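Below is one structure, written out as structure tokens; comments come after it.
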Amino acid sequence: MIRSRVIGTGSYVPKKVLTNHDLERFVETSDEWISTRTGIRERRIAVDDTPSDMAAKAAKAALKAAGISPKDIDLIVVGTVTPDMTFPSTACFVQGHLGVKSGAAAFDVSAACSGFLYALDIADKYVKSGVAQKALVIGVDQFSRLIDWKDRATCVLFGDGAGAVVLSAEKGQRGVLSCHIHSDGKHWEMLYSESPCPPSPFEERKATNQYLKMNGNETFKIAVRTMGNAITEALEANNIKPEDVALLVPHQANLRIIDATRQRLGLPEEKVYTNLERFGNTSAGSIPLALDEAVRLGKVKENDIVLFVSFGGGLTWASAAVRW
Ligand SMILES: CC(C)(COP(=O)(O)OP(=O)(O)OC[C@H]1O[C@@H](n2cnc3c(N)ncnc32)[C@H](O)[C@@H]1OP(=O)(O)O)[C@@H](O)C(=O)NCCC(=O)NCCS
């Protein structure tokens with residue numbers, strides 16, 4: 001059986017660090033409030049990098065880890081809701097930046113914080129069906145462009161970043177075991193941004209509808225319920241038990257959401273990878289960014305079962321199981 005094996009991971013975050021203490025200067029908040037309610041201590045802000053720059057840098061690192069050339073890639077799928085431009089797609093920009101061969105397929109997927117798992121689901125189906133041999137799957141977002149830096153309820157939560165994986169068509173048991181993607185459009189008002197992205201972070205908007213809006217409390221409750229259900233779906237589909245999972249890499253929105261999900265599964269803390277303390281919620285970038293760190297720290301071994309779970313605007317939610 002042909003599976004999509006993950007043969008390389010990569011990530012990129014911009015250099016500029018914005019700490020909770022820095023935010024105390026913009027809005028009435030405190031490091032204590034932000035870190036106890038969310039687990040976040042600092043985040044990165046893209047000042048010189050566009051989303052496609054971040055995506056290309058993450059992809060370059062993933063290609064290097066995989067030991068293959070951009071010329072080997074025949075599909076690029078990018079999960080993002082903050083593209084450089086309305087069109088062309090971020091994926092086409094990445095193709096150009098990396099020198100991926102002309103004629104490869106490249107497109108974006110819009111699923112907010114679930115963007116990476118949606119992109120993984122699609123790319124996996126292309127690879128498994130034999131349409132693509134090597135695919136780049138990228139998650140990237142630059143929410144600093146969407147945020148109202150005067151709104152303490154949202155500006156403390158998000159950061160900018162990107163992550164990528166390379167999938168390769170291979171025979172055997174290793175690779176993507178399952179992906180499940182879902183949405184419920186009737187809850188769109190929980191988390192949304194009405195207008196296209198303005199060009200740079202911290203820029204004053206002309207109209208307030210250009211800012212990201214969120215119902216934090218309701219989003220929190222739905223996230224806890226939905227992420228738990230999504231993991232159960234992945235476990236049942238693969239006939240595996242929580243104790244068979246080597247590592248859970250969840251969407252990095254809030255440590256309390258992640259902890260509630262972990263406790264529902266009965267997983268010990270060391271089986272859940274988090275890095276939101278340093279990067280905040282990077283939306284579609286969050287899962288591949290955390291995965292890349294976990295891989296580089298040696299937390300994922302050959303044949304380990306790794307689970308992913310996401311939740312985001314749409315509402316969207318998704319899970320994936322991979323045998324490493
Ligand atoms: C946003 C979130 C951290 C707020 O935490 P919470 O415990 O629900 O806090 P509340 O919204 O109930 O606010 C409690 C109080 O803190 C205040 N507050 C909100 N943001 C604050 C901040 N940054 N600093 C200090 N106080 C803040 C509120 O105004 C409120 O004050 P009040 O009691 O005087 O009215 C939490 O709801 C959350 O994480 N939701 C999910 C968001 C998310 O993950 N979105 C992305 C999904 S992909």
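The values are calculated or read from the model by the stated rules, or taken from the named source; none is laboratory data. Just so it is clear, the model here is predicted, and its values are computed rather than measured. So basically every Cβ, Gly included, is an ideal-geometry build from the backbone, and we count neighbours across all protein chains shown.
Collect the residues in the stretch 8-58 that are surrounded by fewer than 19 Cβ atoms within 10 Å (Cβ to Cβ) and of a type in the set (Asp, Glu), keeping them in residue-number order.
Listed by number, the residues that qualify are Asp22, Glu24, Glu28, Asp31, Glu32, Asp48.
Identify, please: which residue in the stretch 1-53 is in contact with a Gly (Cβ under 6 Å, 6 or more places away or on another chain) and of a type in the set (Lys, Arg) and is, among those, nearest to the ligand (Cβ to nearest atom)?
Checked the stretch 1-53; the qualifying residue nearest to the ligand (Cβ to nearest atom) is Arg43.
Of (1) buried (at least 21 other Cβ atoms within 10 Å of the Cβ); (2) of a type in the set (Val, Ile, Thr); (3) over 15 Å from the mean Cα position of the chain (by Cα); (4) within 16 Å of the ligand (Cβ to nearest atom), Ile222 satisfies all except one. Which?
(1)
Quick one: which of Gly67, Gly115, Gly99 is modelled with pLDDT of 95 or more and crowded, with 23+ Cβ neighbours inside 10 Å?
Gly115
Would it be correct to say that Lys150 is more than 17 Å from the chain's Cα centre (by Cα), surrounded by fewer than 24 Cβ atoms within 10 Å (Cβ to Cβ) and away from the ligand (no atom under 16 Å from the Cβ)?
No, not satisfied.
Considering only residues that are touching a helix residue (DSSP H, G or I) at 6+ places or on another chain (Cβ under 8 Å) and either assigned to a loop (DSSP other than H, G, I, E, B) or away from the ligand (no atom under 16 Å from the Cβ) (or both), which ones fall in the stretch 296-313?
Val300, Ile305, Val306, Leu307, Gly313 - these are the residues of the stretch 296-313 that are touching a helix residue (DSSP H, G or I) at 6+ places or on another chain (Cβ under 8 Å) and either assigned to a loop (DSSP other than H, G, I, E, B) or away from the ligand (no atom under 16 Å from the Cβ) (or both).
Yes or no: the stretch 162-185 includes at least one residue that is out of contact with any Ser or Thr (no Cβ under 6 Å at 6 or more places or on another chain), within 12 Å of the ligand (Cβ to nearest atom) and part of a helix (DSSP H, G or I).
Looking through the stretch 162-185, none of the residues is out of contact with any Ser or Thr (no Cβ under 6 Å at 6 or more places or on another chain), within 12 Å of the ligand (Cβ to nearest atom) and part of a helix (DSSP H, G or I).
Among the residues of the stretch 68-86, which ones are away from the ligand (no atom under 16 Å from the Cβ) and under 26 Å from Asn281 (Cβ atoms)?
If the condition is that a residue be away from the ligand (no atom under 16 Å from the Cβ) and under 26 Å from Asn281 (Cβ atoms), then Ile76, Val77, Val78, Pro83, Asp84, Met85, Thr86 are the ones that fit.
Condition test on Ser319, is it out of contact with any Lys or Arg (no Cβ under 7 Å at 6 or more places or on another chain), within 11 Å of the ligand (Cβ to nearest atom) and either in a helix (DSSP H, G or I) or modelled with pLDDT of 95 or more (or both)?
Criteria not met by Ser319.
So which residues in the stretch 236-270 are assigned to a helix (DSSP H, G or I), touching a residue at least 24 places away in the same chain (Cβ under 8 Å) and more than 15 Å from the ligand (Cβ to nearest atom)?
Those that are assigned to a helix (DSSP H, G or I), touching a residue at least 24 places away in the same chain (Cβ under 8 Å) and more than 15 Å from the ligand (Cβ to nearest atom): Ala237, Pro242, Asp244, Arg264, Leu265.
If you go through the stretch 121-139 one residue at a time, do you hit one that is part of a strand (DSSP E or B), within 16 Å of the ligand (Cβ to nearest atom) and closer than 17 Å to Pro83 by Cβ?
yes
Working carefully through the options Phe279, Phe308, find the one that is crowded, with 24+ Cβ neighbours inside 10 Å, under 19 Å from Glu243 (Cα atoms) and aromatic (Phe, Trp, Tyr).
On inspection, the qualifying residue turns out to be Phe308.
Can you tell me which residues in the stretch 2-45 are in contact with a Pro (Cβ under 7 Å, 6 or more places away or on another chain) and of a type in the set (Lys, Arg)?
Answer for the stretch 2-45, where residues must be in contact with a Pro (Cβ under 7 Å, 6 or more places away or on another chain) and of a type in the set (Lys, Arg): just Arg44.
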